[in-house]
Each structure stands twice: as C-alpha cells, then as structure tokens.
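A short write-up of the structure that comes next.
The values are calculated or read from the model by the stated rules, or taken from the named source; none is laboratory data. Just so it is clear, the model here is predicted, and its values are computed rather than measured. Every residue, glycine among them, receives a Cβ derived from its backbone with ideal geometry; neighbour counts consider all protein chains shown. Just so you know, the surface numbers come from the protein's heavy atoms only, side chains and all, with ligands and any DNA or RNA stripped out. Shrake-Rupley method; radii C 1.70, N 1.55, O 1.52, S 1.80 Å.
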Amino acid sequence: MKKVSTTEMTIQDIRITLSMNDFLEQEFQTFRPDVVYTDSVCFWGKLNAWKHQVPMVVSTSTFAFNQKSSQYMKSSLKEMADLIFGLPRISKELKKLEPYGYHVKSVLSLIQSDNDTDSVVYTSRKFQPCAESFSEHYAFVGPSVFSDVLPEKEKERPLVYISLGTVINDRPDFYRKCINALKEMPVDVVISCGNAIDREALGELPNQIQVHPYVDQLAILARTDVLSLTAV
C-alpha cells in the first residue's frame, strides 16, 4: 500500500463503494440512521449519506484540506503526473457509480473539505494550516487518544523521541542523520522506525540511542523533552 499511487487508491475506494452497495442499501433501509459519521477518505460513507439524503458529519484524523490549505502539500513531479494522467481513469470509474444512485460532480468533491459540511478535526485550530479559511462547521477537538500516564520530566538527561509515523517510515537515511547529529550530545534518544527497515542497517548505535520497531508512544511522550514526529 505504501507504493500505491493516489490514482490507484482513489479507484479502489470507488470500487469498494460498488462492492458494498447492496449491503449498505439494506443497512440504510433497516437501520435508518439519523446521521452518518464517516471518515474523510471513506468514499462509501460520503456517497451513501448523499444518496440516502442523511445528514453527514465528516471525521478528519489529520488536518482539514481545502484549496487554500492544500497548497502546503508539495507533490513531486511523479505524483503530479500520476494525478494528471489518472483523472480520465478516475472519471471513468465515477461514471460506474451513477446507475446505483451515486451522483458525483468530480473527485474533488469527495476529497476536499467544504465549509457547509459539519466536520470533526482531531487537532487544535492553532495547528490547522489556514485555519481562518474554515467555517464554524469545523470542530477542532484535539487528540482522540488520551493517556493516564503523568508527565515525568525529572531525570538525569533530556529524552529525544523520533518517529516518522506508521505510513512513510522506510527512511534509514533520515534515521542515520538523526543518530549522527545526536550521538555526541548529552541526551537519550528513542527512535521508533516501524518494521520496514532492518535495525542493523543503521549501524552500531551509541548506548544512549535506542531503536525499536514500535513503542508505547503515550508512555514515551510522558518522559520526552523533544519530539520529532514527522512524515517525510
């Protein structure tokens, strides 16, 4: 999945909608929901809310994206080419939805946020790029995961925690740069790198630097002084 293009992911989402049509048709008729609460990239949730004319609330796990905030997303030439040449294929797939009662103007209406749809965003307005461009329909509620672990900052040396997240973490070059930059500093370092790379590829590690596939992130954050949590 890490190597699948945006075009392919979009097409698969459309095909999933078709595959789930009969099941969801029955669910809407029997359960008769008052509200559909759907993930921002869950096409079948959005499409069925529109089709059955049920009010919808969109759950956005990262940031809300509209035409203004999406300018922060810098695509490579390969990604741009994929999007441009993939649009005819996506349009062809969207037309397959029409006989089932799904009417979509364009794929952008499925992907981008709009100022008329109630949305829950799991960050604060202070962290949201171009926050002023989002209407009162957006509730910036902060993190969805909480911890009972209390902060523990009293220790002999500061703790630096480094992670690239769970999707794009196959970057041994990045981890090696971090190790080289911090190995002579009077700090302890914990790196969470997922299972995509071999720990041995990072070479011999100083005693104060630990590398793990996964960690209890909330427990680590309670002891962390500096955090690098980035997607690159």
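Here is the figure for the range 20-67: residues that are over 25 Å from the mean Cα position of the chain (by Cα) and outside any helix (DSSP H, G or I) total 6.
On the given criteria, is Ser70 within 27 Å of Glu132 (Cα to Cα), out of contact with any Phe, Trp or Tyr (no Cβ under 9 Å at 6 or more places or on another chain), surrounded by 13 or more Cβ atoms within 10 Å (Cβ to Cβ) and not aliphatic (A, V, I, L, M)?
Judged against the criteria, Ser70 is a match.
In the set Glu156, Glu132, Glu152, only one residue is part of a loop (DSSP other than H, G, I, E, B), of a type outside the set (Lys, Arg) and farther than 26 Å from Pro213 by Cβ; that residue is Glu156. Counting the residues of the range 173-202 that are on the phi < 0 side of the Ramachandran plot and in a loop (DSSP other than H, G, I, E, B) gives 10.
A quick yes/no check of all residues on (1) in contact with a strand residue (DSSP E or B) (Cβ under 9 Å, 6 or more places away or on another chain); (2) over 30 Å from Arg125 (Cα atoms); (3) hydrophobic (A, V, I, L, M, F, W, C):
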{"position": "Pro143", "(1), (2), (3)": "no, no, no"}
{"position": "Glu152", "(1), (2), (3)": "no, no, no"}
{"position": "Asn169", "(1), (2), (3)": "yes, no, no"}
{"position": "Lys177", "(1), (2), (3)": "no, yes, no"}
{"position": "Ala181", "(1), (2), (3)": "no, yes, yes"}
{"position": "Asp198", "(1), (2), (3)": "no, yes, no"}
{"position": "Gln208", "(1), (2), (3)": "yes, yes, no"}
{"position": "Pro213", "(1), (2), (3)": "yes, yes, no"}
{"position": "Asp216", "(1), (2), (3)": "no, no, no"}
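Filtered by the rule that a residue be closer than 16 Å to Asp13 by Cα, in a helix (DSSP H, G or I) and open to solvent by 70 Å² or more (accessible area, probe 1.4 Å), the range 90-120 gives Lys92, Lys95, Glu98, Tyr100, Leu108, Ile111. Inside the range 203-223, residues that are more than 23 Å from the chain's Cα centre (by Cα), part of a loop (DSSP other than H, G, I, E, B) and at pLDDT 90 or above make up a count of 4.
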